[in-house]
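For reference, the structure discussed in these notes is given below.
Taken together, the values in this text are just the output of simple stated rules run on the coordinates, not laboratory data. Computed from a predicted model, the values in this text were never measured in an experiment. Ideal geometry is used to build each Cβ from the backbone, glycine not excepted, and the neighbour counts take in all protein chains shown.
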Amino acid sequence: MKLCSRTFIAPLSLACWLVLSLAGISFAQEQPLRSITYRLAMSRPVSHLFEVAIEVELPKDSKEQYMDFQMAKWSPGRYAVFDFAKNVQQFQALDGICPPEAKCKMPVLPVTRVDDQTWRVPTINTQSLTIRYKVFGNDLSGTFSQLDSRHANYNGGSIFMYVVNHKPDPVKLAIDPPAGWRITNGRMDRADQREWQFPNWDVMIDTSTEIAPDWTVDSFGVDGKKYHVVVHSFGDEGGKRAKLVRDIEKIVRAETAMWGPPDFDSYTFLIHFAADDVSGDGMEHLTSTQIIEPGALGEEGVYGSTLDTVAHEFFHVWNVKRLRPAELGPWDFTRPLNTRSLWIAEGLTNYYGHLMMRRSGVWDDTAFWRRESQTITAIENAGGTRLMSAEESSLAAPFIDDAPHAQRTNLANTAISYYPKGELIGMVLDLTIRGKTNGKASLDDVMRRMYDEFYLKGPNATYYLRGRGYMGADFERVVSEVAGQDLSEFFRRYVRDVETLPYDEAFAYAGLRLVREQARQPYDGGLTIDWQKKGSFTIASVREASAAENAGLQAGDEILALGGKRVARENWLVSLGRFKPGDRVPVSVKRNRRTIQTTLVLGPPDRFEYRIEERKDATPQQKALRAGWLKGS
Ligand SMILES: [Zn+2]
Ligand SMILES: [Zn+2]
């Protein structure tokens, strides 16, 4: 980043004066532009092309020779690199700005494509300029954008370029919707609003927006804050929307009870029931969340899954969006993000999302035990669980957070996700702190103290947002402070190393125990199936040192027959279940147009299931600790 020296010597340089005079602020920026206005139109929804204009007014004495416009490579909350520039077309630069309703003839400026994400426009002798481009979007997702005949739903990072060196500048946004379509987002001051002012580009792209003729909104209030539940349903709601809103309110009450009042006036849950069996996502923002369910609200399982996502995303209001790792904002969108702390940011949010389902009363104890048991089963059976630590998993986020892979990988055998791993670290750490302090302190206290120290009371470290980000070591320090004893050994063994978490010790504090038993799921020989590949029985991955690997099977093989009989992916486990450990089962697979015969020598069952159980002999003290944990005291 450029330092302030050039503008510092110029008198009345407001930007630099502001930068240097605010105590504790250690960043600098270019002289701000006089104005940056984004105009978004969507005149042909069926084309899936968003029409973007960026109008820029340069400072009167600007010496800048050119201006760069850049499309982000990824967007906050999802860490895989997607290169949004690939969907940009018809980039054009014009000298001047034309008032919205007027017709102007503006000279066309030459444009140089500098690299894969950057367009350069000369600005010598230019007072103002207008950029125009179209960007294709046809994915209903918290990361991408969709424009079609039903609606426009966008994540700003995937459609709005930023002006290089001017991300800190204030920006204006004006949206021109198709006739009859209504706009909504988490920053509505009035119902028919079409223009917004944002403190900077980062906050503008944090404001996911929905534009359609037929979304619904239900509202409620908690502790003087307004909450809106916007729903756009593409399938039958089964009359469940009113109950959904009531249960969302219960979750909001449980989470605000833990954290205290959130730092906003109003918040919007923007929920889509896509009814396409494909689109599913949850994405956190400062004053809203975007939740997309692949089913219809009226369908089995969709209701519960929506609330589960609501509990997770709303927790992000504090953990991630405001209390954040130092690397999470402002961001460098020219390369993937690296932080060691996603197990805190996402993993602890996963833990608390589930705990809040219990605290809100939406789940009972059994539902909570079942969910945590499933997470333990998943992590303890994962190929990478003894290879990849929670910190390493955080650093690997660009590879594992929904990343597409053109090159084949061995991640199924080597990686774990920081979501479930962080969830289990959170649960075990919470019970450990509660146990070691006889229920007087908890992870809740750690989170509140972190929020206070880094968000509420931390000096503003950057232009982006209040407070400053934390480092992993800060979290570790606060945990030990709250626990009243040094817990650095816990972090060394279970966060930076790959040792099995001390489940037994942790659960014992709450009068619970963890039972390990042979999995009920049938023996699979070490194979997983590619369910995406329609109409064929193809191997997705082969577990290391498994019967399948010993037989020479590999990912991409299409299984034709097992034990001499034709099998399909729906019934192959039943066929395999007819054999016992030690049996030799002939297998034929198709690989590269050839049919290959091999033999699967079945091993002993190697999958285990875990179950959290209440101990009959739990002491009153253990029961009290458990009650405090589940109720939030
Ligand atoms: Zn919609
Ligand atoms: Zn999350």
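Would you call ASP169 charged (D, E, K, R), under 23 Å from TRP74 (Cα atoms) and more than 16 Å from ligand 1 (Cβ to nearest atom)?
Yes: the conditions hold for ASP169.
Go through region 305-355 residue by residue and tally those that are within 13 Å of ligand 2 (Cβ to nearest atom) and in a helix (DSSP H, G or I).
Final tally of qualifying residues: 21.
Looking only at region 242-280, count every residue that is crowded, with 21+ Cβ neighbours inside 10 Å and at positive phi and tell me the total.
0
How many residues are assigned to a strand (DSSP E or B), within 16 Å of ligand 1 (Cβ to nearest atom) and farther than 19 Å from ASN155 by Cβ when one looks only at region 186-217?
Looking only at region 186-217, we keep the residues that are assigned to a strand (DSSP E or B), and these are 195-198, 209-212, 216-217.
Okay, now just the ones that are also within 16 Å of ligand 1 (Cβ to nearest atom), so 209-212, 216-217.
Going one step further and asking which of them are farther than 19 Å from ASN155 by Cβ, we end up with 216-217.
So the answer is 2.
Sort out which residues of region 554-595 are over 19 Å from ASP606 (Cβ atoms), of a type in the set (A, V, I, L, M, F, W, C) and in a strand (DSSP E or B), and write them in order of number.
Answer for region 554-595, where residues must be over 19 Å from ASP606 (Cβ atoms), of a type in the set (A, V, I, L, M, F, W, C) and in a strand (DSSP E or B): ILE559, LEU560, ALA561, VAL589.
In region 152-165, how many residues are part of a loop (DSSP other than H, G, I, E, B) and touching a helix residue (DSSP H, G or I) at 6+ places or on another chain (Cβ under 8 Å)?
Taking region 152-165 and keeping what is part of a loop (DSSP other than H, G, I, E, B), we get 155, 159-161, 164-165.
Retained after the next criterion (residues that are touching a helix residue (DSSP H, G or I) at 6+ places or on another chain (Cβ under 8 Å)): 159-160.
Number of matching residues: 2.
Name the single residue, out of those in region 295-312 being under 30 Å from LEU456 (Cβ atoms) and surrounded by fewer than 24 Cβ atoms within 10 Å (Cβ to Cβ), that is nearest to the chain's Cα centre (by Cα).
If we take residues in region 295-312 being under 30 Å from LEU456 (Cβ atoms) and surrounded by fewer than 24 Cβ atoms within 10 Å (Cβ to Cβ), then THR309 is nearest to the chain's Cα centre (by Cα).
Would you check which residues across region 262-275 are within 16 Å of ligand 1 (Cβ to nearest atom) and either within 19 Å of the chain's Cα centre (by Cα) or in contact (Cβ under 8 Å) with a residue 60 or more places away in the chain (or both) and list them?
THR268, PHE269, LEU270, ILE271, HIS272, PHE273, ALA274 - these are the residues of region 262-275 that are within 16 Å of ligand 1 (Cβ to nearest atom) and either within 19 Å of the chain's Cα centre (by Cα) or in contact (Cβ under 8 Å) with a residue 60 or more places away in the chain (or both).
If you scan region 482-503, which residues turn out to be surrounded by 15 or more Cβ atoms within 10 Å (Cβ to Cβ) and either assigned to a loop (DSSP other than H, G, I, E, B) or free of Cβ contacts under 8 Å to residues at least 40 places away in the same chain (or both)?
Those that are surrounded by 15 or more Cβ atoms within 10 Å (Cβ to Cβ) and either assigned to a loop (DSSP other than H, G, I, E, B) or free of Cβ contacts under 8 Å to residues at least 40 places away in the same chain (or both): LEU487, PHE491, ARG493, VAL498, LEU501, PRO502.
Taking region 332-369, which residues are surrounded by 18 or more Cβ atoms within 10 Å (Cβ to Cβ) and farther than 18 Å from GLU423 by Cβ?
The answer is PHE333, LEU337.
Among the listed residues VAL252, VAL278, which satisfies the condition of being of a type in the set (A, V, I, L, M) and within 16 Å of ligand 1 (Cβ to nearest atom)?
Result: VAL278 is the single residue among VAL252, VAL278 that is of a type in the set (A, V, I, L, M) and within 16 Å of ligand 1 (Cβ to nearest atom).
Taking region 356-386 on its own, how many of its residues are out of contact with any Asp or Glu (no Cβ under 8 Å at 6 or more places or on another chain), in a helix (DSSP H, G or I) and within 23 Å of ALA80 (Cβ to Cβ)?
Residues flagged as out of contact with any Asp or Glu (no Cβ under 8 Å at 6 or more places or on another chain), in a helix (DSSP H, G or I) and within 23 Å of ALA80 (Cβ to Cβ) within region 356-386 amount to 2.
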